[in-house]
Amino acid sequence: MLQSRDVITFAWQALKGYRTRTILMLIAMSIGVASVLVLTSLGEGARRYVRGEFASLGTNLIIVIPGRSETSGAGLSNMMGVTPRDLTLADANALTRHPKVKQIAPLNIGGAEISWQNRKREVTVMGTSRELLSIRHWSLSRGKFLPDSDWERASPVCVIGKKIRDEIFSAHNALGQWVRIGDNRCRIIGILSSEGQSIGINVDEVVIIPVASAQALFNTPSLFRIFIEAKTRKSIPKVIQFSKDTIKARHQGEEDITVVTQDAVLATFDNILSVLTYALGGIAGISLAVAGILIMNVMLVAVSQRTAEIGLLKALGASHKGIIILILTEAMLLSAIGGIIGLAIGQLGAWGIRYAVPELPAYPPIWAAVLSFSVAIITGAIFCLLPARKASKLDPVLALAKR
Amino acid sequence: MIKLQKIHRNFQVGDQIVHALDDINLEIAQGEYVSVMGPSGSGKSTLLNLIGMLDHPSSGEYYLNDKNVTELGEVEEAQIRNKNIGFVFQAFHLVPRLSAAENIELPLMLAGIEPSIRDAKVSLALESLNLTERARHKPEQLSGGQRQRVAIARATITEPAVLLADEPTGNLDQKSGHDVMDILEALNQRGITLIMVTHDQSLGDRSARSIKMIDGRIESDNLNKIDHATVS
């Protein structure tokens with residue numbers, strides 16, 4: 001029987017002997033593998049990006065929404081839900097009494113006009129407490145956030161978004177200035193740094209005031225949201241149950257709230273983007289199959305070009321099986337080398353994407369690398385069975401008759 | 001050692017059946033030197049391919065060393081070709097990308113013999129055919145005579161009992177042709193059975209036994225009185 005080392009040497013010499021053919025097939029195979037890697041890295045990058053964005057919104061976050069809404073999510077469309085009973089500051093206070101609750105921030109929201117000297121602007125006003133800053137992972141570019149005082153106490157202070165500062169105050173120093181919000185006056189004590197969109201609210205365009213001030217401003221005791229940060233990820237279900245039970249007890253036995261976790265929303269996105277990654281991988285997989293067919297064609301041509309050689313090998317004592325092994329080894333060696341080059345090109349391509357779009361962590365997932373490499377070798381083998389069988393069945397008399 | 005009984009070999013060409021071999025009965029003993037002559041299409045190459053087990057008879061029986069090899073499986077046939085039969089072709093049929101030494105090594109590689117044993121055998125063969133200096137050369141760097149010597153070395157590397165040569169000097173000039181014939185005859189004198197197809201009468205006359213074929217039949221089968229000194 002043939003020794004495997006000899007088979008590989010023989011195949012390697014054949015690949016070296018027909019350089020143009022070998023290079024063309026390597027290009028086809030490596031493009032196939034590389035495209036799988038690059039496309040899946042795009043999908044994976046999108047998934048990681050979204051995950052990262054959600055994490056920046058707040059970790060272990062639980063949101064309590066008034067009303068029994070079936071819709072989970074936190075878009076503005078939800079805020080118009082019919083509310084049988086208002087969520088109040090007392091409700092929010094009650095929710096702090098659980099050992100697994102790290103902190104709580106109530107939120108009241110509404111539109112109002114902000115004016116300073118002769119400049120005016122419609123803004124979104126958020127009434128909340130000091131805790132919101134760390135729950136949402138926001139930061140200040142200047143000044144301080146709301147003072148750490150009783151939620152029930154209104155005070156004439158406010159924190160403004162970056163865009164409002166720029167538009168109302170332009171070159172002036174905004175910190176310490178008194179502005180008018182609706183009918184009330186307040187002093188600017190801090191300016192938020194730019195965070196962009198944060199679940200439907202543009203942080204650059206808000207004005208934040210103490211929750212009690214907002215209740216007075218909008219003349220309503222009801223809250224729009226209660227944000228709860230649980231101490232650990234594992235304690236989230238307990239805190240959710242505690243919140244539901246507490247509110248139910250306080251609302252005459254009616255569970256008239258909806259509790260949404262960041263995790264639920266995140267998991268949905270995660271699923272969508274994982275499916276997207278698989279789909280991209282599948283699309284790229286087609287190019288692998290095309291590469292396989294190309295290799296089959298070229299191997300078929302190679303076999304007919306080398307009829308004399310194959311006839312000779314038979315005359316020298318190669319069996320059908322021996323010929324098949326020699327031809328298949330050649331094809332698989334080719335696929336393997338093409339696969340390795342493809343992996344390298346794919347990694348390079350993913351690096352190129354990360355370099356061009358730094359926000360997108362485009363790393364090809366391990367499964368894509370393993371899968372595309374194995375598929376490359378398997379398609380190489382499967383598509384070369386036909387040429388190899390054709391070679392083994394060649395009539396040595398006819399093959400050797402060619403002069 | 002070679003015994004053919006009522007061998008027929010038919011080819012279908014269009015709707016006509018061509019009898020390439022028509023009732024061939026032939027016995028060749030170990031160590032004989034046989035030339036097969038005849039015009040083109042007389043079936044001489046078909047006979048040689050059949051003895052070399054590259055082709056199969058349509059009917060009849062072929063005994064090699066008293067063993068009926070007509071009904072052997074493909075794997076056993078390949079083994080017999082590897083160990084018992086050597087081929088030398090008019091067109092040399094060297095693998096162009098392999099060096100002279102690697103070409104000679106091929107039958108041993110196909111038999112799965114250890115590299116160390118192969119190397120020893122190959123260098124011995126190169127030496128005996130005066131090719132040692134050409135061992136690393138590719139076929140395209142060799143002259144016709146050298147290529148045929150490489151082919152002979154390859155055909156004899158497994159020490160077969162039968163050497164089949166199909167027009168071995170057909171692609172060579174006269175000088176190299178003579179060299180190649182000398183080598184083949186020297187091998188025959190050391191005991192190998194040499195069967196050579198040729199249409200060159202002067203080559204045919206050198207052999208101890210010459211068979212003439214016409215239209216797939218053996219026309220004559222004569223023992224020659226030869227005197228090598230006068231012919232060459």
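The values are calculated or read from the model by the stated rules, or taken from the named source; none is laboratory data. What you see is a predicted model; the values in this text were computed from it and never measured. Cβ atoms come from the backbone with ideal geometry, glycine included; neighbour counts cover every protein chain shown. Keep in mind that these areas ignore ligands, DNA and RNA; they rest on the heavy atoms of the full protein, side chains included. Shrake-Rupley method; radii C 1.70, N 1.55, O 1.52, S 1.80 Å.
Taking the stated definitions as given, is B:Leu54 part of a helix (DSSP H, G or I), open to solvent by less than 40 Å² (accessible area, probe 1.4 Å) and either within 14 Å of another protein chain (Cβ to nearest Cβ) or touching a residue at least 24 places away in the same chain (Cβ under 8 Å) (or both)?
no
Based on this model, can you work out whether A:Ser170 counts as assigned by TED's automatic domain parsing to the domain that holds A:Ala216, more than 25 Å from A:Asp86 (Cα to Cα) and of a type in the set (Gly, Ala, Ser)? Here the answer is yes, as A:Ser170 does meet what is asked.
For region A:1-46, the tally of residues that are under 30 Å from A:Ile135 (Cα atoms) and either within 14 Å of chain B (Cβ to nearest Cβ) or crowded, with 21+ Cβ neighbours inside 10 Å (or both) stands at 3. The set of residues in region B:23-51 being within 14 Å of chain A (Cβ to nearest Cβ) and among the hydroxyl-bearing types (Ser, Thr, Tyr) consists of B:Ser40, B:Ser45, B:Thr46.
Assess whether A:Leu343 counts as being out of contact with any strand residue (DSSP E or B) (no Cβ under 8 Å at 6 or more places or on another chain), closer than 30 Å to B:Leu50 by Cβ and not polar (S, T, N, Q). It is false that A:Leu343 is out of contact with any strand residue (DSSP E or B) (no Cβ under 8 Å at 6 or more places or on another chain), closer than 30 Å to B:Leu50 by Cβ and not polar (S, T, N, Q).
Residues that are within 21 Å of B:Met196 (Cα to Cα), in a strand (DSSP E or B) and open to solvent by 40 Å² or more (accessible area, probe 1.4 Å) within region B:10-29 comprise B:Asp23, B:Asn25, B:Glu27, listed in sequence order.
For region A:328-337, the tally of residues that are of a type outside the set (Asp, Glu) and within 14 Å of chain B (Cβ to nearest Cβ) stands at 1. What do you reckon, is B:Gly60 farther than 22 Å from B:Thr198 by Cα, touching a Leu at 6+ places or on another chain (Cβ under 9 Å), open to solvent by 10 Å² or more (accessible area, probe 1.4 Å) and not aromatic (Phe, Trp, Tyr)? It is true that B:Gly60 is farther than 22 Å from B:Thr198 by Cα, touching a Leu at 6+ places or on another chain (Cβ under 9 Å), open to solvent by 10 Å² or more (accessible area, probe 1.4 Å) and not aromatic (Phe, Trp, Tyr). Does region B:115-130 contain any residue that is acidic (Asp, Glu) and within 8 Å of chain A (Cβ to nearest Cβ)? Checked against the condition, which is being acidic (Asp, Glu) and within 8 Å of chain A (Cβ to nearest Cβ), region B:115-130 yields no hits at all. Number of residues in region B:94-134 that are open to solvent by 40 Å² or more (accessible area, probe 1.4 Å) and not in a helix (DSSP H, G or I) equals 4. In region A:129-158, of all residues being surrounded by 21 or more Cβ atoms within 10 Å (Cβ to Cβ) and over 30 Å from the mean Cα position of the chain (by Cα), the one that is nearest to A:Arg185 (Cα to Cα) corresponds to A:Cys158. When A:Thr258 is tested against the conditions (1) surrounded by 15 or more Cβ atoms within 10 Å (Cβ to Cβ); (2) on the phi > 0 side of the Ramachandran plot; (3) of a type outside the set (Gly, Ala, Ser), the lone failure is (2). Evaluation of B:Glu74 against the conditions (1) at the interface with chain A (Cβ under 9 Å from one of its Cβ atoms); (2) crowded, with 22+ Cβ neighbours inside 10 Å; (3) in contact with a His (Cβ under 9 Å, 6 or more places away or on another chain) shows that the sole unmet condition is (2).
Among the residues of region A:294-334, those that are farther than 18 Å from A:Asp6 by Cα and open to solvent by less than 10 Å² (accessible area, probe 1.4 Å) comprise A:Ile295, A:Met299, A:Ala302, A:Val303, A:Gly311, A:Ala315.
Matching residues to (1) open to solvent by 70 Å² or more (accessible area, probe 1.4 Å); (2) over 37 Å from the mean Cα position of the chain (by Cα); (3) in contact (Cβ under 8 Å) with a residue 40 or more places away in the chain:
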{"site": "A:Ile160", "(1), (2), (3)": "no, no, yes"}
{"site": "A:Ile164", "(1), (2), (3)": "no, no, yes"}
{"site": "A:Phe169", "(1), (2), (3)": "no, yes, yes"}
{"site": "A:His172", "(1), (2), (3)": "yes, yes, no"}
{"site": "A:Leu175", "(1), (2), (3)": "no, yes, no"}
{"site": "A:Arg187", "(1), (2), (3)": "yes, yes, no"}
{"site": "A:Ile191", "(1), (2), (3)": "no, no, yes"}
{"site": "A:Val203", "(1), (2), (3)": "no, no, yes"}
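The set of residues in region B:170-210 being among the small types (Gly, Ala, Ser) and under 12 Å from B:Gln148 (Cβ atoms) consists of B:Gly170, B:Ser176, B:Gly177. Between A:Ala291, A:Ala264, the distinction of being buried (at least 20 other Cβ atoms within 10 Å of the Cβ), among the small types (Gly, Ala, Ser), in a helix (DSSP H, G or I) and more than 11 Å from chain B (Cβ to nearest Cβ) belongs to A:Ala291 only. Of the set (1) open to solvent by 60 Å² or more (accessible area, probe 1.4 Å); (2) on the phi < 0 side of the Ramachandran plot, all apply to B:Asn65 but (2). Of the strands (runs of 3 or more DSSP E) that lie entirely inside region B:174-232, those containing 1 or more residues that are surrounded by fewer than 18 Cβ atoms within 10 Å (Cβ to Cβ) and at pLDDT 90 or above span B:209-214, B:217-223.
Yes/no matrix, rows are residues, columns are (1) within 14 Å of chain B (Cβ to nearest Cβ); (2) closer than 30 Å to B:Ala155 by Cβ; (3) outside any helix (DSSP H, G or I):
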site	(1), (2), (3)
A:Val275	no, no, no
A:Tyr278	no, no, no
A:Val303	no, yes, no
A:Ala308	yes, yes, no
A:Leu312	yes, yes, no
A:Ile323	yes, yes, no
A:Gly339	no, no, no
A:Ile345	no, no, no
A:Glu359	no, no, yes
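Checked across region A:92-110, the condition of being at pLDDT below 85 and buried (at least 16 other Cβ atoms within 10 Å of the Cβ) holds for no residue.
Among all positions in region A:335-350, there is at least one residue which is of a type outside the set (S, T, N, Q) and exposed (fewer than 15 other Cβ atoms within 10 Å of the Cβ).
Return yes when B:Arg154 is assigned to a helix (DSSP H, G or I), buried (at least 21 other Cβ atoms within 10 Å of the Cβ) and more than 10 Å from chain A (Cβ to nearest Cβ) and no when it is not. It is false that B:Arg154 is assigned to a helix (DSSP H, G or I), buried (at least 21 other Cβ atoms within 10 Å of the Cβ) and more than 10 Å from chain A (Cβ to nearest Cβ).
Of A:Pro387, A:Pro361, A:Pro396, all but one fail to be closer than 18 Å to A:Gly281 by Cβ and either open to solvent by less than 60 Å² (accessible area, probe 1.4 Å) or touching a Leu at 6+ places or on another chain (Cβ under 9 Å) (or both); the exception is A:Pro361.
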